[in-house]
Each structure stands twice: as structure tokens, then as C-alpha cells.
Amino acid sequence: MTAETADLRELITPVRFVLWDLDGPVCRLFAGHPAHQVARDLVKLIEGLGLGELLTEKERSAMDPHEPLHGVNKRHPGSDLINGLEEWLTGQELEAVRTAYPTPYADPLIRTWAALGARFAITTNNSALAAARYIETRGLTDCFRYIYGRTQDLNLMKPNPHCLLQALNAMGADPSVSLMFGDAPTDFRAAQKARVRFLGYARNNRKLKELLAAGVPREHIVESLQVPLELLRHQA
């Protein structure tokens, strides 16, 4: 066993509650319904409402639809406009579920960890409706009784720990034996604020660099879910 594997085993062995981000560790939500196209369509929708001037150039050219959504929210927080745009994005995410595919080794990792007694929640910046529908398509509903996602109050999205704290409270979880499994710096910062452990998933070099730059220790980042799966199988 390498030193990095030993560090990872030390991180996950005590864990009894796992908070999963959806798009990344669990699945590629936008595999067949690309996020960059959803972002462009959202910008067109905002421009069609005569509100294009609300967006910066960076927000207008973003690859992630959350960026233009947040851009409008900064200038019109809590408005009916934001509620309508958020509902539109939820519809796009529900459409994306139809062509989403699981992250390699995600399903067996979920099943193995659950069989060892871990309890799970989804804590995502995507819609809880989309998360629930995806989980249902994979036959994993019995593993995820608790699903928390984006609300129309966009200020509660990660890195705000709101959805993590909701999940911990619902499960009666002790933060010291709880872990957030995510693929973005916002996941890591939310985990820090909620005082839970963090395991990072980097499916490519860009994700790895982002997590490292955020301060995630290299030994707490996996590039394949096969790594924690094998550790848990040995634990069993």
C-alpha cells in the first residue's frame, strides 16, 4: 500500500455519512445535453427578455449555465425573473437526465459503501428534481433517501454550506464522521464550512488543478472511483 493510499484509507474508513455532489462523482449529467449549449441558450433567453446588459462578457460567454444565472441574481436577487430563469434551468437539467451516464465505478461504489453501513445524501447545485430523477433511473433510490439541491434562493448554493447542513441535520449525522464527495472548489469550501471531511474527484487535469489550487491535499483527490471502491472492498 502506498503512502497516498494509506492517507486515503485513513480519510474514508471512519466515514458513516457521505454527501455526494451529483454532476461529477455520481454522473456526467450533461453528457448528451451539453452544459455550454444550455449556458448559451440561457444567455439568449435573458437577451430575449431585453436584459442582456445585466451580464458581463465573462458571464455571457460562460460554459456553465450557473454563471449567467448568478450574474442576473447579483443585480436582481430574489426576483420573479430569477425564479423564472431557475425554473427554466431545472427543465434543462431534467432533459439532461435522459442522456446522462454514470461516472465509471460510481454505481458499484455507492452499493458497496451502502452495504458497509454508510448513509448517503445528494448535496448538489443542480436541481433536486433532476438529481432524484437520475437516481431513480439507476435504481439507487434505496441508497439516497435525502436529496438537496438548488433552490430559488441562489445565495444558498455551494460554497454556502446550506444543503450540506440540511442533509447532516436530516440524517442526524456527526460531522466528524461525515464526508463531502465533490469535484469542484465550491464543494470543498462548503465542506470546510460544514466541518466535514472532503474527498475530491478529478476526472481530468483541469479539475485536478482546480482542486489543488483550492487547497485540497493531493492524497485526498482521486482520478478514478475505482480507487475508493477497491479500498472499501478490502475493508469489507
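Of all the criteria given as (1) out of contact with any Lys or Arg (no Cβ under 9 Å at 6 or more places or on another chain); (2) among the aliphatic types (A, V, I, L, M); (3) closer than 30 Å to Asn169 by Cβ, the one not satisfied by Val15 is (1). Any residue in the stretch 171-194 that is among the basic types (Lys, Arg), in contact with a strand residue (DSSP E or B) (Cβ under 7 Å, 6 or more places away or on another chain) and in contact (Cβ under 8 Å) with a residue 24 or more places away in the chain? No, because not a single residue in the stretch 171-194 is among the basic types (Lys, Arg), in contact with a strand residue (DSSP E or B) (Cβ under 7 Å, 6 or more places away or on another chain) and in contact (Cβ under 8 Å) with a residue 24 or more places away in the chain.
From the list Leu55, Leu51, Leu45, Leu85, which one is among the hydrophobic types (A, V, I, L, M, F, W, C) and within 23 Å of the chain's Cα centre (by Cα)?
Selected residue: Leu85, the only one of Leu55, Leu51, Leu45, Leu85 that is among the hydrophobic types (A, V, I, L, M, F, W, C) and within 23 Å of the chain's Cα centre (by Cα).
When the stretch 151-202 is limited to residues that are basic (Lys, Arg) and more than 13 Å from the chain's Cα centre (by Cα), the one that is least open to solvent (accessible area, probe 1.4 Å) turns out to be Arg197.
If I filter the stretch 43-60 for residues that are farther than 13 Å from Trp20 by Cβ, without any contact (Cβ under 8 Å) to a residue 60 or more places away in the chain and touching a Phe, Trp or Tyr at 6+ places or on another chain (Cβ under 7 Å), do I get at least one hit?
Yes, the stretch 43-60 contains a residue that is farther than 13 Å from Trp20 by Cβ, without any contact (Cβ under 8 Å) to a residue 60 or more places away in the chain and touching a Phe, Trp or Tyr at 6+ places or on another chain (Cβ under 7 Å).
For Lys209, the test of being open to solvent by 10 Å² or more (accessible area, probe 1.4 Å) and within 29 Å of Glu87 (Cα to Cα) is failed. If the condition is being farther than 15 Å from Ala170 by Cβ, surrounded by fewer than 20 Cβ atoms within 10 Å (Cβ to Cβ) and of a type outside the set (Asp, Glu), then the stretch 119-139 contributes Leu129, Arg133, Thr137, Arg138, Gly139. For the stretch 120-236, the helices (runs of 4 or more DSSP H) that sit wholly inside it and include 2 or more residues that are modelled with pLDDT of 95 or more, β-branched (Val, Ile, Thr) and closer than 19 Å to Phe30 by Cβ are 128-137.
Total residues in the stretch 107-155 satisfying the condition of being under 19 Å from Ser178 (Cβ atoms) and hydrophobic (A, V, I, L, M, F, W, C): the figure is 14.
The values are calculated or read from the model by the stated rules, or taken from the named source; none is laboratory data. Nothing here was measured: the structure is a model prediction, and the numbers come from that model. Glycine gets a Cβ as well: all are built from the backbone with ideal geometry, and neighbour counts include every protein chain shown. Protein only, heavy atoms only, side chains kept; ligands, DNA and RNA dropped before computing areas. Shrake-Rupley method; radii C 1.70, N 1.55, O 1.52, S 1.80 Å.
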